[in-house]
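Structure first, then comments.
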Amino acid sequence: RVRGGASNQTVITQDDFEMGSPGKIISPSLKASSAFEIQTAAYGADNPTASGGLLNLVTRSGSNRFEFEFNATAENTQLQFFRDSRDSSINSFYYVLNPTIAGPIIKDKLWYFFNTETHLTQDGRQRDALGIFPDPEPDQRFIQKGSIKLTYQLTARNKLSAITNYELPFEHNRIAGVGVDPAAQENRTTERIFVGLV
């Protein structure tokens with residue numbers, strides 16, 4: 001929310017491509033952005049719909065130098081202290097693997113950038129306080145998302161960039177609540193892809 005506007009009045013763009021309202025965007029992986037440009041007023045004729053704010057993600061590009069980067073994050077409730085009988089008996093965890101690779105395909109002419117994120121998540125649900133129902137099934141998610149950018153030097157002053165974001169989430173045991181039979185649970189698989197050319 002920016003300048004008193006609702007969340008859907010903030011425009012989110014990537015390299016000036018409009019990505020949709022917050023919560024519904026095909027978001028690039030975090031390490032794909034080299035900068036975040038935020039405007040809170042005076043948008044001009046190119047962004048009249050941003051009555052709240054404007055957030056532009058500037059995508060990283062490859063160069064003549066080969067680059068490799070790897071990040072990982074791990075969280076698990078088994079590492080928490082002071083848990084009691086009201087907490088879920090099934091542990092919750094969140095693991096993220098995030099490699100990045102970039103470099104030249106043709107030196108001084110064609111470069112690539114690739115970043116991908118693997119998210120492994122499990123949420124142990126709250127137990128029945130009376131102990132009548134068995135512990136609910138945990139909510140599990142696997143999300144593979146990433147960004148790919150190819151940049152071609154057309155002339156000394158002009159470049160052509162192709163940007164692709166993809167998101168491939170899978171969710172298991174989507175129905176929350178005590179007393180949901182495992183046979184009544186549902187899975188969901190989706191595919192979201194964005195392609196842009198600048």
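The values are calculated or read from the model by the stated rules, or taken from the named source; none is laboratory data. Note that the structure is predicted; figures quoted are calculated from it, not measured. Neighbour counts run over all protein chains shown; Cβ positions are idealised from the backbone, glycine included. Just so you know, the surface numbers come from the protein's heavy atoms only, side chains and all, with ligands and any DNA or RNA stripped out. Shrake-Rupley method; radii C 1.70, N 1.55, O 1.52, S 1.80 Å.
Out of all DSSP beta bridges in the stretch 1-62, what portion is antiparallel? Express it as a percent rounded to 5.
65 percent
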> With every protein chain present, what is the per residue accessible area of the stretch 14-148 (1.4 Å probe, Å²)?
Replying inline: 60 Å²
>> In whole Hz and in residue order, list the ³J(HN,Hα) couplings for the stretch 125-138 that follow from phi through the Karplus curve 6.51 cos²θ - 1.76 cosθ + 1.60, θ = phi - 60°; x for Gly and Pro.
In response: 8, 5, 7, 6, 4, 8, x, 7, 8, x, 4, x, 5, x
>> Positive end of the dipole of the chain, charges at C-beta (+1 Lys, Arg; -1 Asp, Glu), about the Cα centre: which of 74, 165, 131 has its Cα farthest in that direction?
In response: 165
>> Positive end of the dipole of the chain, charges at C-beta (+1 Lys, Arg; -1 Asp, Glu), about the Cα centre: which of 185, 17, 64 has its Cα farthest in that direction?
In response: 64
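Using unit Cβ charges (K, R positive; D, E negative) and no other charged atoms, how large, in debye to the nearest 20, is the dipole of the chain about its Cα centre?
Here the chain has a charge dipole of around 720 debye.
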> From the backbone phi of the stretch 191-198, what are the Karplus-calculated ³J(HN,Hα) couplings (6.51 cos²θ - 1.76 cosθ + 1.60, θ = phi - 60°) in whole Hz, Gly and Pro given as x?
Replying inline: 9, 10, 9, 10, 10, x, 10, 10
>> What are the ³J(HN,Hα) couplings of the stretch 6-18, residue after residue, when phi is run through the Karplus curve with 6.51, -1.76, 1.60 and θ = phi - 60°? Round to Hz, x for glycine and proline.
In response: 5, 4, 7, 9, 9, 8, 10, 10, 10, 6, 6, 8, 6
> Where the accessible area of the chain is counted over protein heavy atoms with a 1.4 Å probe, how much of it, in %, is carbon and sulfur?
Replying inline: 56 percent
>> Rounded, prolate or oblate, given the Cα gyration tensor of the stretch 93-148, with a/c below 1.5 counting as rounded?
In response: prolate
